[in-house]
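Some notes on the structure that comes next.
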Amino acid sequence: MALNRRSAISTNLLAILLMLGSTNVSIVECRRHVLDGSDVTYAAINCRKHTAFLTDFGGNGDGQTSNTEVFRAAVLNLSQFENDGGSQLIVPPGRWLTGSFNLTSHFTLFIQFGAVVLASQDEGDYPLIKPLPSYGSGRDGPGGRFSSLIGGSHLTDVVITGDNGTIDGQGSIWWKKFHKKKLKNTRPYLIEPMYSNQIQISNLTLINSPSWFVHPVYSSDIIIQDLTILAPVDSPNTDGINPDSCKNIKIQDVFVVSGDDCVAVKSGWDEYGIKFGMPTEQAIIRRLTCISPDSAVIALGSEMSGGIKNIRAEDIRAINSESAVRIKTGPGRGAYVTDIFVDKMTLHTMKYVFWTTGAYGQHPDPGYDPKALPKVDRINYRNVVAEDVKMAGNMGGIEGDPFTGFCLSNVTIGLSEKPKKLQWNCTDVSGVSSNVTPEPCDALVDKGSIECEYPSDPVPIDTVQLKTCSFSTKKQILTSSLVHHLGYFSQTLWLVATFDAMLKP
Ligand SMILES: *[C@@H]1O[C@H](CO)[C@@H](O)[C@H](O)[C@H]1NC(C)=O
Ligand SMILES: *[C@@H]1O[C@H](CO)[C@@H](O)[C@H](O)[C@H]1NC(C)=O
Ligand SMILES: *[C@@H]1O[C@H](CO)[C@@H](O)[C@H](O)[C@H]1NC(C)=O
Ligand SMILES: *[C@@H]1O[C@H](CO)[C@@H](O)[C@H](O)[C@H]1NC(C)=O
Ligand SMILES: *[C@@H]1O[C@H](CO)[C@@H](O)[C@H](O)[C@H]1NC(C)=O
Ligand SMILES: *[C@@H]1O[C@H](CO)[C@@H](O)[C@H](O)[C@H]1NC(C)=O
């Protein structure tokens, strides 16, 4: 009798196990395309000799368990290969919750398709650091700054890439604190290489940063490409890419939807930026697509106190944005914005096409020098087509310090159904124009048929050739299927033990 009951239950147990078995099969099936043991290839400034997976260091991709110490330990461990061919850390499919961690040199962080690096929402996971020396103060308040999610200082040859893996800043909690004025320190940025060179950030989707997304600062030789950057259009200060006191930069094939400027070129803030004196120069931005209803497609400033010069932008598209390439500065900023070249913009639904502001406020502290006036000169725009525009040009300079050397050529602006009565407001600015409709202000003297300048020489960063790098997911499969089977095995043991206990009289 007892025996019969036992065997009946055993049959049920078998059925349950089979069911579990079939669930496991389908999990394996749907993971096959990323875990099939084949090589993953990708393009990077340098390939690496050593490969490790986050799971080698005990990473848990359940979206709940913190991997902060895992990421930190992994990078520390792999830093031993800095002078031995470098290393790549592969983040496999899964949701990897983590706080702030730094990278190391000759290092690649590869985020696989289906992998999400999930930013912790706990302030304690972001060590407090000092304000940037060229800012003197945090951007959200006078206190310190929370370290960025992914950072690193004094590094060389660093790649953050993937096959469209995701970094999710989970910013909503920070945006709420910002709106409620509950922040004592400045929100973390998502990715922030500092004092570094040879940097590549590519083939990723970045979403919901607490504040700025990508912020290279005091760095050079930077390639940023093939990124999708997404944040709600009403999220505060979610700038897409902000090169800040950087040199030799390429930003290309980037799609940004954000609550602030899609790209903002910066170089420090008022007296601190003037003293630090490090410009952003030699940058090219191409094939950027931007949606930012309340901000600029590309902003120059407002923090520009180390100077901004020699910036090119080409093949720029925008939909529903406030303005295109905007200069933002004011008394106190000092320095300069010069030699700016823009070629080929296609714009749809804009408040302004041209917008320059010489009265931008916001200062780090009352110690700024209102007599420190910026020089704005040689700003070129050509081949612009815009539709559904409220106002063609709102161009202001500074009284007694006019913005000079504007050139606008081949510009066709179609107006919205209810455009502003005044289409051009030009105050304290001067320059020339050619083939611009609607007809511009007198301050932009019509030169008949000329073409504004755009440099024909290549930018140095364009000569960098990417190499084809790879890694095999075989090792990862072995480890993960072992873990998988161990898990399955212990689950079975647990079930047998439970049923066994039930059978005991
Ligand atoms: C970390 O590096 C050491 C060598 O220094 C190595 O023996 C060890 O296996 C590594 N740890 C992990 C988890 O890979
Ligand atoms: C990352 O590096 C910065 C600059 O060196 C340092 O201040 C910070 O504490 C580091 N963060 C972590 C988590 O080690
Ligand atoms: C990175 O993006 C480029 C351009 O979209 C694409 O050709 C390439 O295959 C991508 N690389 C990976 C590893 O996904
Ligand atoms: C990467 O993923 C994003 C978000 O899902 C998507 O919009 C984008 O088209 C993808 N990019 C590529 C190159 O597949
Ligand atoms: C004017 O700009 C448009 C849009 O970029 C372009 O298609 C056209 O060829 C340009 N015309 C001249 C004369 O350069
Ligand atoms: C034109 O711009 C100046 C300064 O930028 C501003 O003070 C003025 O009010 C504007 N005029 C109109 C009519 O919008």
Pop the C-beta distance of ASP56 and THR346 into the FRET formula with R0 = 45 Å and round what comes out to the nearest 0.05. 0.45
Working from Cα positions, state the angle (0 to 90°, nearest 10) between the long axis of helix 68-78 and the longest principal axis of the chain. 80
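What does the C-alpha gyration tensor say about the overall shape of the range 277-464? Classify as rounded when a/c is under 1.5, otherwise prolate if a/b is larger than b/c, or oblate.
Rounded is the answer for the range 277-464, as its axis ratio a/c remains below 1.5.
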Quick one: order LYS180, LYS375, LYS351, LYS266 from most to least accessible surface, probe 1.4 Å. LYS180, LYS375, LYS351, LYS266
Separation in nanometres of the label points that stand 7 Å from Cα toward Cβ, at TYR195 and ASP163: 3.8
Net charge around GLY273, counting only other residues with Cβ within less than 9 Å of its Cβ (Lys, Arg = +1; Asp, Glu = -1)? 0
Write down, largest first, the equivalent ellipsoid semi-axes of the chain in whole Å, where each equals the square root of 5 times an eigenvalue of the alpha-carbon gyration tensor. 51, 23, 22
For the chain, what is the accessible area per residue in Å² when the probe is 1.4 Å? 42
The summed charge of the ASN46 Cβ neighbourhood (under 13 Å; Lys/Arg +1, Asp/Glu -1) stands at 0
For the range 248-397, what does the relative contact order come out to in percent, with C-alpha contacts under 8 Å and a separation of six or more? 23
With a Förster distance of 22 angstrom and the Cβ-Cβ distance between SER456 and ASP315, calculated FRET efficiency to the nearest 0.05 equals 0.90
Give me the percent of accessible area attributable to carbon and sulfur for the chain, probe 1.4 angstrom. 55
Along Cα→Cβ, 7 Å out, is where each label goes; now give me the distance between the ones at LYS420 and LYS371 in nm to one decimal. 3.3
By its C-alpha gyration tensor, with a ≥ b ≥ c as the square roots of the eigenvalues, how is the range 89-183 shaped: rounded for a/c under 1.5, else prolate for a/b larger than b/c, else oblate? oblate
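The values are calculated or read from the model by the stated rules, or taken from the named source; none is laboratory data. Treat the numbers as computed from the prediction; the structure is a model and nothing was measured. We place every Cβ from the backbone using ideal geometry, glycine too, and count neighbours over all the protein chains shown. When the accessible area is computed, the model is the full protein with side chains, heavy atoms only, and any ligands, DNA or RNA have been set aside. Shrake-Rupley method; radii C 1.70, N 1.55, O 1.52, S 1.80 Å.
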